[in-house]
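Here the structure is laid out as structure tokens; the discussion comes afterwards.
Just so it is clear, none of the values below were taken in a lab; they were calculated from the coordinates. Everything quoted here is computed from the prediction, not taken from an experiment. Note that we place each Cβ from the backbone using ideal geometry, even for glycine, and neighbour counts take in every protein chain shown.
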Amino acid sequence: MQDITGKAVFGGIAIGPIHVYQKKAHEIRDTRVEDPEQEFARFEEAVEKAKEELQVLYDKAVSEVGEENAAVFEVHQMMLEDDDYLESVEGMIKDDSYNAEYAVRNTAEEFAEMFAAMDDEYMQARASDVRDVSSRVIKILSGAEETGISGDRPVILLAEDLAPSETVQLDKSKILSFVTRLGSANSHTSILARTMNIPALIGVDFPEGLEGKPGIVDGFSGTLIVEPDEAHLKHYQDLLLKEQERKKLLEELKGKENRTKGGREIKLFANIGSVKDVDSVINNDAGGIGLFRSEFLYLESSDFPTEEQQFKAYRTVAEKMEGKKVIIRTLDIGADKSCDYFGLDKEENPALGYRAIRICLDRQDIFKTQLRALYRAAAFGNIAIMFPMIISVDEVREIKKITEEVKASLKEEGTEYGEAELGIMVETPAAALLSDALAAEVDFFSIGTNDLTQYTLAIDRQNAKLDRFNDTHHPAVLKAIEMTVENGHNHGIWVGICGELAADTSLTDTFLKMGVDELSVSPSRVLSVREAVRNSDIY
Ligand code: PEP
Ligand code: MG
């Protein structure tokens, strides 16, 4: 038995086999093969396997996100049947005796460059597809396809770190717990773990060779136990049972009000990253969606999601929520959430860099496509739109001007659209300090404590080394929240919190005292925050 300690970012117990996730990066060496015919047969086999995988992904995507969003997998299948592509690989293997991996990578790059140089947006966009599908073939050729989760048994997933673009591709139903060597408490992997309601540890320096071994994750003490002895196994099985009983107790709070013993009421909403998360919002009885991180639609896609794709996603969420408020945040890409097809430059300080509203105000084509989809979806439910990373009144005025232009063009075309409340994330010290002036411009504030803490304390939220300095209850952050609530109320607008701090039940009383109107938390936290509200005496 072996105990390895890290930092827990979400409590709970998980018991199951360990699976070590390997990064996708494949170093491809250019070697010459002895038997080109045999090498080509190996390539053909890999292509067949890739097509099978794509068919499975296509079917899964159709049922989860609809045919239109799934079409990308069809495009990938077609690329693997393209004569020019196949002939190019064949030539490199048979004529020049290159190894298949190198031939595929080289062909992919040639095709991608050719697509990128075309004078047609649709064709240009195919550059990332040809790279993507070729990576799949290379992964199969190099035997690295085991990185995903195969087999039927759910696993404890161990990884160096997980980027949001990787987590979106994992089969969540097969993950009992996340354990990463890197990552930090506020990284998106941690947020995902909270959304999924599973224990997660970061900063765990696990050794090599744990694949397939039995493990236990103790999300209370922050420990990963490898090959537990019988006494430990029994102890944790009992704890797991108790956990399940507590969950049952929380279930009884469904349908109950979020009202303190003193009679104060607060709205309790939930945060989501995709359409699929809505079921969990409804299951956990949240009163609305306080933050839909729309950038995950972009991260899940190999190209800019179209207006139609976005419209469908937003409409589906709005309709599923049956008139309850759905606050959709416009694209917050950049920093740790990067997307190859945006073609963003590497930056020295990405968290302080080109991200979120800054990209949208520069790339108004992308912004307007999203706003059109949002306003069209607003005709089908109670949608509010929220803008991230605001630092000035001028930005808000520019945004409002753009929203007016978007609505005017929808009207002119005769396209159906609805009205939407407009709000901003208060997640920069500038926004908190200017909350008085900003409150006069918008319908609501939602405080993003993850970034507000990062920028107020000058602590990179991605840097696990800084977790010990990252005082989540730091008085400067609490003061910024209090000030924002007060300024918002002075202007008659409502103020919520959608950062992770909203779920910290040791602060529920503090937030109630400050007069916070809404808390938006991971779906799995809704009932425990409701419990804290109902146990509070605040009036
Ligand atoms: C925040 O910054 O608190 C927030 C909710 O947004 P994100 O975590 O997506 O940056
Ligand atoms: Mg943020």
| query | What nm distance separates the two modelled labels at GLN2 and ALA351, each placed 7 Å from Cα along Cα→Cβ? | reply | 3.1 nm
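Rounded to two decimals, what is the ratio between the C-alpha radius of gyration of segment 267-534 and 2.2 N^0.38 Å? List each step's numbers first, then the result.
Working: Rg = 17.6 Å, N = 268, 2.2 N^0.38 = 18.4 Å.
That works out to 0.96 for segment 267-534.
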| message | Counting only other residues whose beta carbon sits under 11 Å from that of SER409, what net charge do I get with K and R as +1, D and E as -1? | response | 0
| query | What angle do you read, to the nearest 10 degrees and between 0 and 90, between the alpha-carbon axis of helix 526-535 and the longest principal axis of the chain? | reply | 20 degrees
| Simple label model, 7 Å out from Cα along Cβ direction - GLN22 to GLU81, nm | 3.1 nm
| task | For segment 398-424 and segment 215-244, compute the distance between their C-alpha centroids and round to whole Å. | result | 53 Å
| field | Amide hydrogen neighbours beyond the local backbone of SER536, cut-off 5 Å, H modeled | value | LYS261
| query | Roughly what angle does helix 83-94 make with the longest principal axis of the chain, taking Cα atoms, 0 to 90 degrees, to the nearest 10? | reply | 60 degrees
| query | Which peptide among 399-405, 436-442 comes first, and what is the full order, when sorted by highest mean count of other Cβ atoms within 10 Å? | reply | 436-442, 399-405
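Ranking request for peptides 282-292, 263-273: highest mean number of other beta-carbon atoms within 10 Å first, then the rest in descending order.
Working: 282-292: 22.8, 263-273: 21.3.
With the highest mean Cβ count within 10 Å placed first, the list reads 282-292, 263-273.
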| Residue-count net charge about GLY448 - beta-carbon cut-off 12 Å; Lys, Arg +1, Asp, Glu -1 | -1
| query | ARG29 to MET483: FRET efficiency via 1/(1 + (r/R0)^6), r the Cβ-Cβ distance, R0 45 Å, to the nearest 0.05? | reply | 0.20
| Counting only the backbone N, which residues of segment 300-328 are under 12 Å from the spot 7 Å out from the Cα of THR415 toward its beta-carbon? | 306-312
| Separation of segment 359-374 and segment 447-470 by C-alpha centroid, Å? | 28 Å
| Tell me, what ³J(HN,Hα) does each residue in segment 12-22 have, in order and in whole Hz, if you take phi through Karplus 6.51 cos²θ - 1.76 cosθ + 1.60 with θ = phi - 60° and put x for Gly and Pro? | x, 10, 10, 10, x, x, 8, 10, 9, 7, 9
| remark: In terms of the alpha carbon gyration tensor, root eigenvalues a ≥ b ≥ c, rounded if a/c is under 1.5 and otherwise prolate when a/b exceeds b/c or oblate, segment 357-398 is oblate
| note | With a ≥ b ≥ c from the Cα gyration tensor eigenvalues, square-rooted, and the rule rounded for a/c under 1.5, otherwise prolate when a/b > b/c and oblate otherwise, segment 36-142 is oblate
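If packing is taken as the average count of other Cβ atoms within 10 Å, what order do 518-525, 489-496, 134-141 fall into, highest mean first?
Averaged packing, sorted descending, gives the order 518-525, 134-141, 489-496.
Just the ratio, please: alpha-carbon radius of gyration of the chain over 2.2 N^0.38 Å, N its number of residues.
Numbers: Rg = 24.6 Å, N = 539, 2.2 N^0.38 = 24.0 Å.
That works out to 1.02 for the chain.
So if I place +1 on the C-beta of Lys and Arg and -1 on the C-beta of Asp and Glu, and nothing else carries charge, what would the dipole magnitude of the chain be about its Cα centre? I want it in debye, nearest 20.
Rounded to the nearest 20 debye, it is 3020 debye.
Using 0.36 nm per residue, how much length does the chain from LYS254 to SER506 gain when fully extended, once their Cα-Cα distance is taken away?
Length gained between LYS254 and SER506: 88.6 nm.
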| field | Long-range amide H partners of TRP494 with built H, under 5 Å | value | PHE445
| Counting Lys +1, Arg +1, Asp -1, Glu -1, what net charge surrounds TYR102 among other residues with beta carbon under 9 Å of its beta carbon? | 0
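Just subtract the alpha-carbon distance of HIS235 and LEU361 from 0.36 nm times their residue separation and send over the number in nm, one decimal.
39.9 nm
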| request: Evaluate the distance, in nm, between pseudo-label points positioned 7 Å from the Cα of LYS49 and of LEU344 along their respective Cα→Cβ axes. | output: 3.4 nm
| note | Note to self, the chain gives a 222 nm [θ] from helices alone (DSSP H runs n ≥ 4, -39500 (n - 2.57) apiece, / all residues, nearest 500) of -14500 deg cm²/dmol
| task | Can you tell me the FRET efficiency between ARG181 and GLU227 if r is taken as the Cβ-Cβ distance and R0 is 22 Å, rounded to the nearest 0.05? | result | 0.70
| Residues whose placed amide H lies under 5 Å from that of ILE289, excluding near-sequence neighbours | ALA270, LYS325, VAL326, ILE327
| If you line up the long axis of helix 307-320 against the longest principal axis of the chain, both from Cα atoms, how many degrees apart are they, to the nearest 10? | 50 degrees
